[in-house]
Amino acid sequence: VILFRTIAETREHVAAARERGLTVGLVPTMGALHEGHGVLLRHAREETGYVVATIFVNPTQFNRPDDFQKYPRDLETDLAFCERLGVDAVFAPDVNEMYPGDLHQKMPLASVEVAGVSARLEGEFRPGHFRGVATVVAKLFNIVQADRAYFGEKDAQQLAVIQRMVADLNFSVTIVPVPTVREPDGLAMSSRNQRLTPEQRRIAPVIYKALCEAERSIQGALGMIAAAPEIQVEYFEAVDPKTFEPVEKMAGPVRIVAAVRLGDVRLIDNVLVSIR
Ligand code: AMP
């Protein structure tokens, strides 16, 4: 695997791959790679000829400075992970490469806002988060010019925001959704899981168990979480899978989404259910 630190060398090498007739696959990440990222990279490896992983802890999508500072970073381990999976290139810019000059209210002067789908849930509890995400992903799309880009359903609202951005702004990239990868006990893999204490880690799988229960009974699901007083719920609800608006009736395809806090670690998860 080859490491790029600059936009210019990334563009140059991707253009060369394209001239060799290869299709380009992009997997944007914030690093601290785990098997959740692994499946995205494997899909990209199977479906495209030149796989670029990006590793960038994007400051503009963090609404809490402590979350940004404590976010795990380990480039050496991530590079070895990418090497094992046959990734061709890793683009890992520093903040100055991506945002030269001063940010205005923590954002570049030009930014991407996707209204509607980004308003509620993550958008409400993390003000500015999706503007930061949409903007950095738009920049990565323009830098890498991939044919296909891979995103996890673990971050289902983010995936919906990106799909809306690509449709509305005519990016010529195909977005490929990839199902959530879980630990054997059901906990969705996340870089933030590293920050759980052993006690919190023992409790965390109840999030997924409650999401599964919610297909039958939201009351039952909330009861399961209430039984773990260490967990503070930010939201737990049933939404339309495309618009992320609340559903009036539990019918048809519905996404049950949750965000909770265990101490100072914030975790999200969701399941797609089809209710008749
Ligand atoms: P992150 O590094 O957390 O920003 O995630 C980078 C990409 O990996 C996003 O598209 C995530 O949705 C995806 N991802 C993270 N965790 C998982 C998981 N457990 N299963 C599937 N995809 C994931």
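Results for (1) under 19 Å from GLU122 (Cβ atoms); (2) out of contact with any Ser or Thr (no Cβ under 8 Å at 6 or more places or on another chain), shown as yes or no for each residue.
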| residue | (1), (2) |
| --- | --- |
| ALA17 | no, yes |
| THR23 | no, no |
| THR29 | yes, no |
| GLU46 | no, yes |
| PHE62 | yes, yes |
| LEU75 | no, yes |
| ALA80 | no, yes |
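Among the residues of the range 223-240, is there at least one that is modelled with pLDDT under 95 and open to solvent by 60 Å² or more (accessible area, probe 1.4 Å)? No - not one qualifying residue is present in the range 223-240.
Only residues that are open to solvent by less than 40 Å² (accessible area, probe 1.4 Å), within 13 Å of the ligand (Cβ to nearest atom), over 17 Å from ALA119 (Cβ atoms) and not in a loop (DSSP other than H, G, I, E, B) were counted in the range 132-187, giving 11.
The number of residues in the range 3-54 being farther than 25 Å from GLN69 by Cβ, open to solvent by 10 Å² or more (accessible area, probe 1.4 Å) and not β-branched (Val, Ile, Thr) comes to 21.
Of all the listed residues (ILE268, ILE203, ILE256), the sole one being among the aliphatic types (A, V, I, L, M), at pLDDT 95 or above and within 16 Å of the ligand (Cβ to nearest atom) is ILE268. Filtering the range 97-131 to residues that are assigned to a loop (DSSP other than H, G, I, E, B), open to solvent by 40 Å² or more (accessible area, probe 1.4 Å) and of a type in the set (A, V, I, L, M, F, W, C) leaves LEU103, LEU109, ALA110, ALA115, ALA119. Of all residue pairs spaced 6 or more apart or on separate chains, those with beta-carbon atoms under 7 Å, a first member in the range 203-231 that is without any contact (Cβ under 8 Å) to a residue 40 or more places away in the chain and a second member that is among the basic types (Lys, Arg) are MET224/LYS209.
If you check ASP67, ASP78, ASP94 for being open to solvent by 30 Å² or more (accessible area, probe 1.4 Å) and either within 14 Å of the ligand (Cβ to nearest atom) or in contact (Cβ under 8 Å) with a residue 12 or more places away in the chain (or both), only one passes: ASP94.
Of the residues making up the range 253-273, those that are under 16 Å from ILE218 (Cβ atoms) and over 16 Å from the mean Cα position of the chain (by Cα) are VAL254, ARG255, ILE256, VAL260, LEU272, VAL273. Taken over the range 9-26, residues that are out of contact with any helix residue (DSSP H, G or I) (no Cβ under 9 Å at 6 or more places or on another chain), assigned to a helix (DSSP H, G or I) and not charged (D, E, K, R) amount to 4.
The values are calculated or read from the model by the stated rules, or taken from the named source; none is laboratory data. Everything quoted here is computed from the prediction, not taken from an experiment. All Cβ positions, even for glycine, are placed from backbone atoms using ideal geometry, and neighbour counts span all protein chains on display. For the accessible areas, the whole protein counts, side chains as well, though only heavy atoms, and no ligand, DNA or RNA atoms are used. Shrake-Rupley method; radii C 1.70, N 1.55, O 1.52, S 1.80 Å.
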